[in-house]
Each structure stands twice: as structure tokens, then as C-alpha cells.
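Derivation of every value follows stated rules applied to the coordinates shown; laboratory data play no part. Here the structure is a predicted model, which is why all the values come from computation and not from measurement. Because the Cβ atoms are built from the backbone with ideal geometry, glycine has one as well, and the counts that use them run over all protein chains shown.
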Amino acid sequence: MSTQIIIADDHELFTSGLDNLVSTNPNIKVLAHFRNGKEVLTYLERGNKADVLILDLNMPVMDGLQLLGHLQRDYPVIKKLVISMHQTTSSIELCKNLGADGFIGKDSSLHVMLNALNVIIEGGKFFQESNQVVFDSEGKGFYEKLNHQYKLSKREVDIIQLILNQYESSEIADKLNLSPLTVKTHRKNIFRKLGVRNLAGLVALVKDHPRL
């Protein structure tokens, strides 16, 4: 049985080229192309299936990070390969935390792209090394850097991870054994410390601060 793939990228030329490239493998079938994450969710909500999603991070309406959060929560069985120009350590680590199975740069070779796809189809992970040195010598992870820069507590960092994974306050409360009111207070404090007003602002901050 062939592996069924969908592609999300708002650049039609790149998407068509990727489709042609992937389709050279007779065991792979590209089912559909989408211009943004919202179109992907609409497709899946209608009961359509896919084994693998290849996606870009920068898309209109709903970008790749927001889409990953929804998929991690509602469609975790779909494997995700991110192909992006923003190949920084923080972007790669954030995608890992949002459930991506792989990440490669858009300037990667044909061999690397096909290898990454095959590894993911077979159940593995493929994360290409960053093309930027963005973490300091202490090697702290993304969320530890976030904690350090914005003086967040560990609990606040835990809540940020769940917020980015599209969990509602009541669900976060259940997961962390907190009251919904406590979670709501934490959210307000987090947004105040980060200087954002909502989830969209949080995602934008994460994307715009590759040196976290």
C-alpha cells in the first residue's frame, strides 16, 4: 500500500516541484496541496486521511507552528516533515516540541529530502542540523533559554508548552493538577512577562526570537 502524503506551502512553484520530486517514488502518492494550515485542518476535519504531511512554517492564515500544535493534539498519528528557510536551532527545537518528526532546510539536496522522508515513513526521526549557531556554549534548550531571558518559573514554561500545543485552560488544569483559575492567572502573568496579548502574539514572539 502506498504512503499517502499531503503538502502545505503557499509557494505554488515549490509545491509543484516537491510533488513531482516525491512522486518519482512509486510507493508514495501525493493526495493534495494546501496554501495554509487552515486548509489542512478543514481537509482532515472532513474525514480525509494522510500518512505524512510536508509543511512550511511561513504560511498565511494559519502558519506551520500553529498547524503543528493542532495536529499534535487532534491528529497525532500523522507524521510531519517541516521544510523551511528558517533553519535555526530554536525553530528546529520548537518544531520537535510541537510534534514534528523531521526538519530540513529548503536549500537541502534532493538526497537529503528523500532520505528524510523515507526515515519518517519508516517511523524514525530526521532533524537536519541548524545552519546557524544560535545557542550559547552551555547548550541550554529552547525552553530553558526562554525561562532565563524572561524570568519565567518552571510551571510557567510548562504552561507555555501546553499553550503552544493548543490546549485550553481547563485541559491544562487537568494535565498539571491545577485549578482553572490558577491556570488563567498563570496565562495572564506569562503574557505580561513576554509582552504579548494572546496565542498569536506568543507564536510570533517565538518565531521572531531565534536567539532565545
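Let's see if you can work this out: charge +1 on each Lys and Arg Cβ, -1 on each Asp and Glu Cβ, no other charges. What is the dipole magnitude of the stretch 1-76 about its Cα centre, in debye to the nearest 20? Let's see the in-between values first.
On the way: 6 positive and 10 negative charges, 52 e Å.
Around 260 debye, computed over the stretch 1-76.
Largest first and in whole Å, give the semi-axes of the chain's equivalent ellipsoid, each being the square root of 5 times a Cα gyration tensor eigenvalue. Before the final figure, lay out the partial values.
Details: eigenvalues 192, 79, 41 Å².
Over the Cα atoms of the chain, the ellipsoid semi-axes are 31, 20, 14 Å.
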> Taking the stretch 23-113 on its own, what percent of its Cα-Cα pair distances exceed 18 Å?
Replying inline: 43
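Over 29 Å between Cα atoms, which of K38/K188; K49/K154; K79/K151 qualify?
Details: K38/K188 27 Å; K49/K154 37 Å; K79/K151 34 Å.
Over 29 Å apart, Cα to Cα: K49/K154; K79/K151.
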>> Quick check for me: using +1 on Lys/Arg Cβ and -1 on Asp/Glu Cβ, what's the dipole size of the chain about its Cα centre, in debye to the nearest 20?
In response: 800
> Which aspartates and glutamates have a Cα less than 16 Å from the Cα of K29, not counting those fewer than 8 places away in the same chain?
Replying inline: D19, D51, E122
> Taking the highest mean first, how do the peptides 18-28, 70-80, 52-62 order by number of other beta carbon atoms within 10 angstrom per residue?
Replying inline: 52-62, 70-80, 18-28
>> Can you find, among S16, A173, L117, the residue sitting farthest towards the positive end of the charge dipole of the chain, where Lys and Arg contribute +1 and Asp and Glu -1 at Cβ?
In response: A173
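Could you work out [θ]222 nm for the chain from helices alone, using -39500 (n - 2.57) per DSSP H run of at least four and dividing by all its residues? Round to the nearest 500 deg cm²/dmol. Don't jump to the answer; show the numbers that get you there.
Numbers: 10 runs with 105 residues, N = 212.
After summing the helix terms and dividing by residue count, I get -15000 deg cm²/dmol.
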>> Given an 8 Å cut-off on Cα distances and at least 6 residues of separation, report the relative contact order of the chain as a percent.
In response: 16
